[in-house]
Amino acid sequence: GAVVSQHPSRVICKSGTSVKIECRSLDFQATTMFWYRQFPKQSLMLMATSNEGSKATYEQGVEKDKFLINHASLTLSTLTVTSAHPEDSSFYICSASQGAGETQYFGPGTRLLVL
Amino acid sequence: AQTVTQSQPEMSVQEAETVTLSCTYDTSESDYYLFWYKQPPSRQMILVIRQEAYKQQNATENRFSVNFQKAAKSFSLKISDSQLGDAAMYFCAYRNYGQNFVFGPGTRLSVLP
């Protein structure tokens with residue numbers, strides 16, 4: 001149980017285009033989903049927290065207009081990187097939990113490369 | 001703000017031996033959760049073990065156990081009978097009720113055959 005999928009696993013795009021990443025909880029309802037960014041050999045950096053049906057809460061320094069997050073259902077959250085630039089190239093990881101204090105279960109991550 | 005510190009950037013252990021990874025954290029809260037996650041080369045984050053702060057008994061999951069010292073704000077992970085598949089980055093994490101996770105910087109564990 002507690003499986004989280006993420007799609008796509010890898011994406012290459014041209015500078016200026018938008019990329020959407022999907023995060024799904026497959027066997028549980030996720031009231032809260034999290035989006036992280038991870039640079040090589042570094043820890044996870046929280047970008048934003050999304051609760052189903054409400055606006056995402058962004059961490060300081062994360063541009064909400066650039067990283068659009070939607071959590072339309074209890075099993076799906078999406079992250080859209082708008083007008084991507086090479087500096088947005090990174091590994092993006094989502095996680096999902098069933099409630100406050102609950103364990104986070106992580107997706108397999110998406111490697112984004114912007115040319 | 002809560003912080004999590006892992007003072008060992010890298011560790012190594014001989015196969016079948018035991019290794020302990022350190023983690024300390026800073027919080028003013030009394031109720032919280034602590035976790036150890038493993039990130040192998042595939043980069044999939046995998047939950048290793050979880051501890052509720054209100055529980056005095058240390059959590060155990062097969063070969064993995066923790067030494068939770070609440071007063072000292074210490075949460076170390078012990079891996080017994082180390083296996084080659086245990087090689088990974090290990091992240092200690094803290095979570096308060098209703099708040100986000102705070103991750104430590106990680107410890108890279110190598111297992112030597």
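The values are calculated or read from the model by the stated rules, or taken from the named source; none is laboratory data. The structure displayed is predicted, hence computed values, not measured ones. Here Cβ is always computed from backbone atoms with ideal geometry, including for glycine, and neighbour counts include all displayed protein chains.
Worth a mention:
- Test: residue A:59 is without any contact (Cβ under 8 Å) to a residue 40 or more places away in the chain, among the acidic types (Asp, Glu) and within 14 Å of chain B (Cβ to nearest Cβ): yes
- Residues of segment A:96-115 satisfying the condition of being assigned to a loop (DSSP other than H, G, I, E, B), in contact with a Lys or Arg (Cβ under 7 Å, 6 or more places away or on another chain) and either closer than 11 Å to residue A:50 by Cβ or within 14 Å of another protein chain (Cβ to nearest Cβ) (or both): A:101, A:103, A:109
- Those residues of segment A:58-95 which are touching a Gly at 6+ places or on another chain (Cβ under 8 Å), crowded, with 22+ Cβ neighbours inside 10 Å and outside any loop (DSSP other than H, G, I, E, B), in sequence order: A:71, A:92, A:93, A:94, A:95
- The single condition among (1) surrounded by fewer than 17 Cβ atoms within 10 Å (Cβ to Cβ); (2) within 12 Å of the chain's Cα centre (by Cα); (3) hydroxyl-bearing (Ser, Thr, Tyr) that residue B:42 does not meet is (2).
- Selection of segment B:83-113 for residues being away from chain A (no Cβ under 13 Å) and polar (S, T, N, Q) yields B:83, B:110.
- Qualifying residue in segment A:71-78 (condition: within 29 Å of residue B:3 (Cα to Cα) and modelled with pLDDT of 90 or more): yes
- All positions within segment A:96-115 that are hydroxyl-bearing (Ser, Thr, Tyr) and at pLDDT 95 or above: A:110
- Residue B:15, sole failed condition from (1) at pLDDT below 95; (2) in contact with a helix residue (DSSP H, G or I) (Cβ under 8 Å, 6 or more places away or on another chain): (1)
- Residue match in segment B:52-61 (condition: out of contact with any Cys (no Cβ under 6 Å at 6 or more places or on another chain), more than 11 Å from chain A (Cβ to nearest Cβ) and crowded, with 17+ Cβ neighbours inside 10 Å): yes
- The one condition from (1) free of Cβ contacts under 8 Å to residues at least 24 places away in the same chain; (2) of a type outside the set (Phe, Trp, Tyr); (3) under 23 Å from residue B:42 (Cβ atoms) that residue A:12 does not meet is (1).
- Consider segment A:35-56 and keep the residues that are at the interface with chain B (Cβ under 9 Å from one of its Cβ atoms) and in a strand (DSSP E or B). The one that is surrounded by the most Cβ atoms within 10 Å (Cβ to Cβ) is A:36.
- From the options B:48, B:19, residue that is of a type in the set (Val, Ile, Thr), within 14 Å of chain A (Cβ to nearest Cβ) and under 15 Å from the mean Cα position of the chain (by Cα): B:48
- Test: residue in segment B:26-38 that is away from chain A (no Cβ under 14 Å), closer than 23 Å to residue A:59 by Cβ, more than 10 Å from the chain's Cα centre (by Cα) and in contact (Cβ under 8 Å) with a residue 40 or more places away in the chain: yes
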